[in-house]
Amino acid sequence: MNDSLDNGKKRNARKEKATEKVLATKKKTAKKKAGPYPAPVPIPAAGASGEPPPARQTPTGAREEEQVPPSSLPHLLPLSILSLGAGVQSSAVLLMSCRGILPRLDAAIFADTQDEPAEVYENLQFLIAEAARHGIPVHVRTAGNIANDLQRSRLRQEEYSKVENGRWASIPFYTRDAATGHIGMLKRQCTKEYKIEVVLHFLRREILGLRRYQHAPKEHCIDHWYGMSADETNRVRISRHKWESNVYPLCGLPTDMLPKPMARWDCEDWLAEHYPGRKFPRSACRVCPYRSPSEWRHLKENCPDDWAKAVEMDRQIRQLGGMRGQTYLHPSCQPLDQADLRDLDDRRGQLSLFRLECSGVCGV
Ligand code: SF4
């Protein structure tokens, strides 16, 4: 009996020793990777003309490591950085900050999928100029052209050897199973790849000045603003990073910055009152299937070039690699130019549920 107890104790001691050893090695490796924090650098500013620095991108869409400034821990005061989607809500947040209705932002970041409709880019240029007048730099960064990446992956499937660096841009297209006719939807990864990771990369590398794999500071140093409105509170998230705190000024989270929370229609009213005659479009890629019938109609009637591009893209995605069925942009799984674009309201007397948009991180 005593012998078996002794053996058990010995075994436990051996296990503890081994765990300690592993932990010590891990700590050592992590320390080596992180390195010391060197001297602070100031937050990168926009160009003298107020124009943002050009988007950084290699021909393959990968980010260039050499252009990253040396690592640093800028300061411990939280900086306020807005994820700008150039749609209604995030435009309202930026412009309210410019006018002093909301606290002043330190910068805004627009993650560009390079496939937004022309009216969104026109709005972005207006916002960049307006923000620059108030000393708020708007930075534009990209992980590549989402439509080109999609095209490349399609070509790679057809002529694998002829196309290099093709990658699969996973957009939530509608699918119809060839055998059963069942309609489904593909998994969405585009938001993560083309928006979330681009913004995170900007914050870590350019604002915090961290090197690749370097540990982020444990202190709260960035207030990350989002343009989600009070009708979208289901999209509110708590940041999982210690250095970052998510702020939703339109929802009054974490603290009230406005007299009352603002819904999308409140933002539309505010923008119409303060910027009469100016249109603030809904931001979403041209190849995005998350559009209401009225939004498709708007694209068709007001943006013929963007509509033509969407129709062409819809035609090209019909047979994607690895799919058993066919893929479509429209939920009816009809070619876009033949689909019924009457609103749900028109057809069933129901409200459309497609009001959400890419507020810097697609919430659609
Ligand atoms: S707008 Fe649509 S296609 Fe574009 S990144 Fe967001 S979910 Fe993907």
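What single numbered condition from (1) farther than 14 Å from P289 by Cα; (2) within 14 Å of the ligand (Cβ to nearest atom); (3) modelled with pLDDT under 55 fails to hold for G349?
(2)
For the stretch 284-296, does any single residue satisfy the condition of being in contact (Cβ under 8 Å) with a residue 24 or more places away in the chain, farther than 25 Å from S170 by Cα and away from the ligand (no atom under 16 Å from the Cβ)?
No, there is no match, as no residue in the stretch 284-296 is in contact (Cβ under 8 Å) with a residue 24 or more places away in the chain, farther than 25 Å from S170 by Cα and away from the ligand (no atom under 16 Å from the Cβ).
Restricting to the stretch 107-119, name every residue that is surrounded by fewer than 20 Cβ atoms within 10 Å (Cβ to Cβ) and away from the ligand (no atom under 15 Å from the Cβ).
Listed by number, the list holds a single entry, A118.
Of these, I207, I222, I171, I238, which one is closer than 27 Å to T113 by Cα and within 16 Å of the ligand (Cβ to nearest atom)?
I171
Report those strands (runs of 3 or more DSSP E) wholly inside the stretch 134-240 carrying at least 3 residues which are closer than 24 Å to E122 by Cβ and at pLDDT 90 or above.
Per the criteria, 138-142.
Here's the yes/no breakdown for (1) of a type in the set (G, A, S); (2) part of a helix (DSSP H, G or I); (3) modelled with pLDDT under 95:
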{"residue": "L76", "(1), (2), (3)": "no, no, yes"}
{"residue": "V93", "(1), (2), (3)": "no, yes, no"}
{"residue": "I101", "(1), (2), (3)": "no, no, no"}
{"residue": "D115", "(1), (2), (3)": "no, no, yes"}
{"residue": "F126", "(1), (2), (3)": "no, yes, no"}
{"residue": "A131", "(1), (2), (3)": "yes, yes, no"}
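I need a count of the residues in the stretch 258-283 that are more than 16 Å from the ligand (Cβ to nearest atom), among the small types (G, A, S) and either touching a Pro at 6+ places or on another chain (Cβ under 6 Å) or part of a loop (DSSP other than H, G, I, E, B) (or both).
Number of matching residues: 2.
Can you pull out the residues in the stretch 219-237 that are closer than 19 Å to I109 by Cα and of a type in the set (A, V, I, L, M, F, W, C)?
Selection gives C221, I222, W225, M228, V236.
So how many residues does the stretch 176-204 have that are among the hydroxyl-bearing types (S, T, Y) and within 15 Å of the ligand (Cβ to nearest atom)?
Residues that pass the stated criteria total 2.
List the number of the failed condition for P293; all other conditions in (1) buried (at least 17 other Cβ atoms within 10 Å of the Cβ); (2) modelled with pLDDT under 90; (3) out of contact with any Leu (no Cβ under 6 Å at 6 or more places or on another chain) hold.
(3)
Taking the residues in the stretch 88-106 that are touching a residue at least 60 places away in the same chain (Cβ under 8 Å) and among the polar types (S, T, N, Q) as candidates, determine which candidate is surrounded by the fewest Cβ atoms within 10 Å (Cβ to Cβ).
Filtering first and then ranking leaves S91.
The values are calculated or read from the model by the stated rules, or taken from the named source; none is laboratory data. Quick caveat: nothing in here was measured; it's all calculated off a predicted structure. In this analysis, Cβ positions are derived from the backbone assuming ideal geometry, glycine residues included, and neighbour counts consider all displayed protein chains.
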